[in-house]
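Chemist: Let me give you the structure first, and then I'll get to my questions.
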Amino acid sequence: MSHHLVEADQLVHVYPDGTRALDGVSFTITHGESVAIIGANGAGKSTLLLHLNGVLLPSSGSVRIGHTPVTTATLGHIRRTVGLVFQNPDDQLFMPIVREDVAFGPRNLGFSGPELERCVMDALRQVDAIHLADKPPYNLSGGEKKRAAIAAVLAMSPDILVMDEPTSGLDPHARRQLIGLIREFQHTRIITSHDLDMVYDVCQRVIVLKDGRVAADGPAAAIFADKGLLEECRLEQPLRIQGCPVCGGRPC
């Protein structure tokens with residue numbers, strides 16, 4: 001499954017104002033891994049994700065999906081392989097009604113008629129959003145927009161699912177559903193989130209970014225047990241493994 005590899009090699013990104021958001025980031029993610037990229041605000045998480053399907057291109061270094069470099073010439077192939085859910089769903093939803101947003105990608109892949117309708121409804125069903133199909137996105141709540149945006153990506157049947165802050169704006173029920181969906185996804189999952197309890201639930205590996213560099217990369221349990229590392233990177237342990245604030249022991 002080499003075509004599902006995600007590799008960054010000395011990835012650097014400098015914004016036009018001179019901000020060096022990524023500074024030599026390297027890693028390899030293999031098929032089927034569930035990986036979280038965590039860090040404080042400004043660490044470079046969202047910038048990194050935007051490189052994985054070519055929304056941004058490197059200032060230097062490279063990103064490869066399988067053995068295909070992410071370049072302007074390969075964007076069609078890359079975006080069929082890597083499905084990216086943006087942090088802000090308003091950046092993703094642009095059609096008059098949700099059904100059309102979810103259908104946009106599959107239609108461009110050649111789906112039509114009953115086949116397209118099945119694809120759209122299956123994706124909406126996965127995020128419990130069938131009732132949103134004929135609603136305009138601007139009338140939706142933040143959580144509903146998030147579910148519609150996730151459905152629009154799932155409808156493309158990506159081999160690699162990339163999600164930027166997927167639980168932000170979701171109520172507890174929708175959050176639990178999303179956790180189940182991420183667990184059930186059969187291919188590679190790459191997630192950024194400040195919801196570290198969700199990360200602990202769904203990711204076996206964690207990459208920690210600090211000031212645009214990889215500060216740590218390892219098993220989630222080991223990363224979250226290292227309180228010194230987390231404090232240095234302005235992070236905290238997931239609530240479930242923090243000591244009880246009342247008795248000082250393990251969570252009550």
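Chemist: Could you please find all residues in region 63-115 being among the small types (Gly, Ala, Ser), surrounded by fewer than 16 Cβ atoms within 10 Å (Cβ to Cβ) and within 21 Å of the chain's Cα centre (by Cα)? Walk me through how you get there before you give the answer.
Modeler: From region 63-115, those among the small types (Gly, Ala, Ser) are 66, 73, 76, 83, 103, 105, 110, 112-113; that's our starting set.
Now drop any that are not surrounded by fewer than 16 Cβ atoms within 10 Å (Cβ to Cβ), which leaves 73, 76, 110, 112-113.
Result: Gly76, single match.
Chemist: Suppose we filter Gly110, Gly32 for residues that are without any contact (Cβ under 8 Å) to a residue 40 or more places away in the chain and either assigned to a loop (DSSP other than H, G, I, E, B) or under 25 Å from Asp195 (Cβ atoms) (or both); which single one remains? Explain how you work it out, then say what you get.
Modeler: On the way: Gly32 fails: without any contact (Cβ under 8 Å) to a residue 40 or more places away in the chain.
Just a single option satisfies the conditions, and that option is Gly110.
Every residue, every condition in (1) free of Cβ contacts under 8 Å to residues at least 60 places away in the same chain; (2) polar (S, T, N, Q); (3) not in a loop (DSSP other than H, G, I, E, B), yes or no:
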{"residue": "Leu48", "(1), (2), (3)": "no, no, yes"}
{"residue": "Pro58", "(1), (2), (3)": "yes, no, no"}
{"residue": "Gly61", "(1), (2), (3)": "yes, no, yes"}
{"residue": "Gln87", "(1), (2), (3)": "no, yes, no"}
{"residue": "Asp90", "(1), (2), (3)": "yes, no, yes"}
{"residue": "Arg99", "(1), (2), (3)": "yes, no, yes"}
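Chemist: Of all the residues that make up region 149-182, how many are within 18 Å of Leu50 (Cβ to Cβ), charged (D, E, K, R) and out of contact with any Leu (no Cβ under 7 Å at 6 or more places or on another chain)? Before the answer, list the steps.
Modeler: Residues of region 149-182 that are within 18 Å of Leu50 (Cβ to Cβ), as a first pass: 149-150, 152-153, 156, 158, 160-166, 168.
In the following step, the residues that additionally are charged (D, E, K, R) were identified as 164-165.
Adding the requirement that they be out of contact with any Leu (no Cβ under 7 Å at 6 or more places or on another chain) leaves 165.
Qualifying residue count, region 149-182: 1.
Chemist: Among the residues of region 11-40, what is the count of those that are out of contact with any His (no Cβ under 6 Å at 6 or more places or on another chain) and farther than 15 Å from Ile207 by Cα? Full working, then the answer.
Modeler: First pass over region 11-40, keeping only residues out of contact with any His (no Cβ under 6 Å at 6 or more places or on another chain): 11-20, 23-30, 32-40.
Filter once more, so that each one left must be farther than 15 Å from Ile207 by Cα: 12-20, 32.
Going through region 11-40 one residue at a time, the tally reaches 10.
Chemist: Restricting to strands (runs of 3 or more DSSP E) lying wholly in region 155-235: which have 3 or more residues that are surrounded by fewer than 17 Cβ atoms within 10 Å (Cβ to Cβ)? Even if it seems obvious, please write down each step before you answer.
Modeler: On the way: elements: 160-164, 188-192, 205-210, 213-219.
Filter on region 155-235 gives 213-219.
Chemist: Please count how many residues of region 165-202 are acidic (Asp, Glu) and touching a residue at least 60 places away in the same chain (Cβ under 8 Å).
Modeler: Qualifying residue count for the region: 1.
Chemist: Please identify the pairs in which a residue from region 123-143 that is on the phi > 0 side of the Ramachandran plot has its Cβ atom under 6 Å from the Cβ atom of a residue that is surrounded by 12 or more Cβ atoms within 10 Å (Cβ to Cβ), counting only partners at least 6 apart or on another chain.
Modeler: Note: pairs meeting the criteria are Asp128/Gln177.
Chemist: Also: Could you please let me know if Leu161 is closer than 23 Å to Asp9 by Cβ and aliphatic (A, V, I, L, M)?
Modeler: Values: closer than 23 Å to Asp9 by Cβ: yes; aliphatic (A, V, I, L, M): yes.
When the stated conditions are applied, Leu161 passes them.
Chemist: Could you tell me which of the residues Asp17, Asp9, Asp23 is more than 17 Å from the chain's Cα centre (by Cα) and part of a loop (DSSP other than H, G, I, E, B)? Steps first, answer last, please.
Modeler: Working: Asp9 fails: part of a loop (DSSP other than H, G, I, E, B); Asp23 fails: part of a loop (DSSP other than H, G, I, E, B).
Among Asp17, Asp9, Asp23, only Asp17 is more than 17 Å from the chain's Cα centre (by Cα) and part of a loop (DSSP other than H, G, I, E, B).
Bear in mind these aren't lab numbers, they're just calculated from the coordinates by the rules spelled out. Please read all numbers here as calculations on a predicted model, not as lab measurements. Cβ: placed from backbone, ideal geometry, glycine included. Neighbour counts: every protein chain shown.
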